[in-house]
Each structure stands twice: as structure tokens, then as C-alpha cells.
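Notes follow once the structure below has been shown.
The values are calculated or read from the model by the stated rules, or taken from the named source; none is laboratory data. For clarity, every value in this text was computed on a predicted model and none was experimentally measured. So basically every Cβ, Gly included, is an ideal-geometry build from the backbone, and we count neighbours across all protein chains shown.
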Amino acid sequence: MIAVENLSKRYGEQAAVDDVSFVCTPGTVTGFLGPNGAGKSTTMRMICGLTPPSAGRATVAGRPYRSLPNPGREVGVLLDASAQHPGRTGREVLTLAARTMGLGTRQVTEKLELVGLGGVAAKRRVRAYSLGMRQRLGLAHALLGDPVVLVLDEPANGLDPEGIFWMRGLLRDFADRGGTVLLSSHLLREVQEVADRLVVIGGGRIVAQGEKAELLASTGTLVRAREPHRLRAALIAAGITVAAAADGTLIAEAETGAVGQAAADGAVVLTELRPAENGLEELFLRLTAGETIKESLR
């Protein structure tokens, strides 16, 4: 179990994370979502004891991470797949970690085989690994101590479609056996497939959290135009709440008829108008619209 209580992190006047609270329970995969710079990685680093919080606390398996006597046996962590010694082989990386945790070589072989890095791949030096192979090695490292909790930041980055499908099954099986998974990823469709709960962060604050089915039950209208800024202004003038993505797509909190009428009143030519699908991408756009726009302007 992971418990985050009123967690904050400030750098001078800037609040990277602001009063964040959520719980990840055993037997579930929690998708942790937000735009770049929203505070996801900082939150995960605080959970894992790598960044001290300015306020609040986070516990894993009932204790702060730094208080765990042998963290790798209880919490598997993958925050940066490139944080591995390039001159060591995959087997050497895991063997050193196993010795640190007080494990034998059997677990090393098992985990290398589990992630598809057995045989010749285990003998190659990390500098010769592709990004996808480094991600697999990072997952093997996270699973090495047979932990009950996994904290994973963008674990699918660099994996091919087959690898992403494999990882989805791996995480689902881990949770179904009673494990707790906190998963941050920009691959929203994959998160939608595997997650039970969602926590969405924007601007350092939680903007939504809850069961996936409940959060995806909301409705709206997806609309596009050749002049998205004029469309957005017309919808706002009509009193319609909108969320905007960097590509000009708008999600309007109104029925299609009202949206079409607002566009017509503003003399805006539409290229697409339809009910928004109750999918994670649409939810993400609605909840993080301001942060998405800010990111596109940088």
C-alpha cells in the first residue's frame, strides 16, 4: 500500500507539488497522469525517499521509504531506465543488486528470463542495450526482491508494441496477486487498459482521482475548426466550458447541438463535431487543459 498525505515540494517560490494526497491499495494498478512538469516525477521521488518533501508525508507498506530495513524486498522502483552502469552487463547489474538485498543468484536468473533478457542478452553490457532493453532491465531490478509494491515512472518508454503488451500483462498479473502498482505513463490508452484507479495531477495539484469507470463516465462534445482560437472564444462567449489540446482539439462540456449553435453564432467553420468518447484521452484533455496549453507555448 502507498499512502500520500498532503505532500508538497517547493523550490523557492515555486510549488512543484502542492498538497497532494492519494492512496494506492493492494490488488490495484493506479495510473498517475499529468502533463510534463505537472509534478508526477517529483511526487514519485518523494514517495521513494529521493527528494525530501517541504510538507506532508508518504508511506509505503506502512512506513516512510527510508525507514524500510531492506527497501528492495518490499518496494520495486523504476524511475529512470538510464540510471544503470553502462560498463556492466545486465547480469552484473542484477547480481550486485541481489547481493545488496541479501538474495542469491537464482533470483537474478529468474528475473532476467522473466523480462526477456536471458541468455546472450544478459551477458551484453548495458551501453549496448537499446532503450527498450534498459527498460526491461529496470523492471527486472524492480521485481528482483519480490516486492509487494511497484513504483514505475514511464516504464513503457522505448518498448515496441509487443513489449508494451507484455508489460501490461506483467503489471496486471502482479496486481491480481495482491500487489500494489503506481504507474506513471504518457501512453494513455495503455494506462486505460491496465489501471483500476486514476490520479490526475496538473500544476502540482490533484485535479481528479477515483475509480477508472467513474471518472470515464463523464460526457461532452469533441469539436475541431480551422481556426481553433476563434472557436474557443465563441464557445466561451456562449457560456460553454472547454478544454483545449495543443493540436487545437476542444472538448466542450455541452451537447453537440449547443456547441454547433455557438460555432454558427460566431461564424466559425467546423471540421469535426461529435460526442466525445468516454476515453482517457478526452478525460485527460478536460482535466489538464490549462497545463497542456502552457506546455505548448514553451
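Please determine, by comparing only the residues of segment 195-215 that are part of a strand (DSSP E or B) and modelled with pLDDT under 90, which one is surrounded by the most Cβ atoms within 10 Å (Cβ to Cβ). The extreme case among them is GLY202. Residue count for segment 1-27 under the criterion of being of a type in the set (Asp, Glu) and within 11 Å of ARG57 (Cα to Cα): the result is 2.
Quick check on segment 97-106. Is at least one of its residues of a type in the set (Val, Ile, Thr) and surrounded by fewer than 16 Cβ atoms within 10 Å (Cβ to Cβ)? Scanning segment 97-106 turns up at least one residue that is of a type in the set (Val, Ile, Thr) and surrounded by fewer than 16 Cβ atoms within 10 Å (Cβ to Cβ).
Suppose we filter ARG224, ARG177 for residues that are out of contact with any Gly (no Cβ under 7 Å at 6 or more places or on another chain) and either at positive phi or surrounded by fewer than 22 Cβ atoms within 10 Å (Cβ to Cβ) (or both); which single one remains? Step by step, each of ARG224, ARG177 is checked, and only ARG177 is out of contact with any Gly (no Cβ under 7 Å at 6 or more places or on another chain) and either at positive phi or surrounded by fewer than 22 Cβ atoms within 10 Å (Cβ to Cβ) (or both).
Residue selection: LEU139 satisfies the criterion of being at pLDDT 95 or above and assigned by TED's automatic domain parsing to the domain that holds PHE22.
Test VAL120 against the criterion of being touching a Gly at 6+ places or on another chain (Cβ under 8 Å) and more than 18 Å from ASP80 (Cβ to Cβ), and give yes or no. Considered against the rule, which asks whether it is touching a Gly at 6+ places or on another chain (Cβ under 8 Å) and more than 18 Å from ASP80 (Cβ to Cβ), VAL120 comes out as no. Taken residue by residue, segment 216-234 has no member that is part of a helix (DSSP H, G or I), among the aliphatic types (A, V, I, L, M), in contact (Cβ under 8 Å) with a residue 40 or more places away in the chain and out of contact with any Asp or Glu (no Cβ under 9 Å at 6 or more places or on another chain).
Between LEU78, LEU94, the distinction of being under 30 Å from LEU280 (Cα atoms) and in contact with a helix residue (DSSP H, G or I) (Cβ under 8 Å, 6 or more places away or on another chain) belongs to LEU78 only.
Candidates are the residues of segment 180-194 that are farther than 20 Å from PRO161 by Cβ and among the β-branched types (Val, Ile, Thr); the one that is surrounded by the fewest Cβ atoms within 10 Å (Cβ to Cβ) is THR180.
Set side by side, the residues ALA262, ALA254 differ, and just one is farther than 30 Å from GLN14 by Cβ, part of a loop (DSSP other than H, G, I, E, B) and in contact (Cβ under 8 Å) with a residue 24 or more places away in the chain, which is ALA254. Is there a residue in segment 149-162 that is out of contact with any Gly (no Cβ under 8 Å at 6 or more places or on another chain), part of a helix (DSSP H, G or I) and surrounded by fewer than 20 Cβ atoms within 10 Å (Cβ to Cβ)? Yes, segment 149-162 contains a residue that is out of contact with any Gly (no Cβ under 8 Å at 6 or more places or on another chain), part of a helix (DSSP H, G or I) and surrounded by fewer than 20 Cβ atoms within 10 Å (Cβ to Cβ). Condition (residue is in a helix (DSSP H, G or I), surrounded by 15 or more Cβ atoms within 10 Å (Cβ to Cβ), under 30 Å from the mean Cα position of the chain (by Cα) and at pLDDT 75 or above) applied to segment 272-292: is it met by at least one residue? Yes, because at least one residue in segment 272-292 is in a helix (DSSP H, G or I), surrounded by 15 or more Cβ atoms within 10 Å (Cβ to Cβ), under 30 Å from the mean Cα position of the chain (by Cα) and at pLDDT 75 or above.
Residue-by-condition table, conditions (1) over 17 Å from the mean Cα position of the chain (by Cα); (2) of a type in the set (A, V, I, L, M, F, W, C); (3) closer than 20 Å to ARG45 by Cα:
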| position | (1), (2), (3) |
| --- | --- |
| GLY118 | yes, no, no |
| ALA140 | yes, yes, yes |
| VAL149 | no, yes, yes |
| ASP160 | yes, no, no |
| ILE164 | no, yes, no |
| THR180 | no, no, yes |
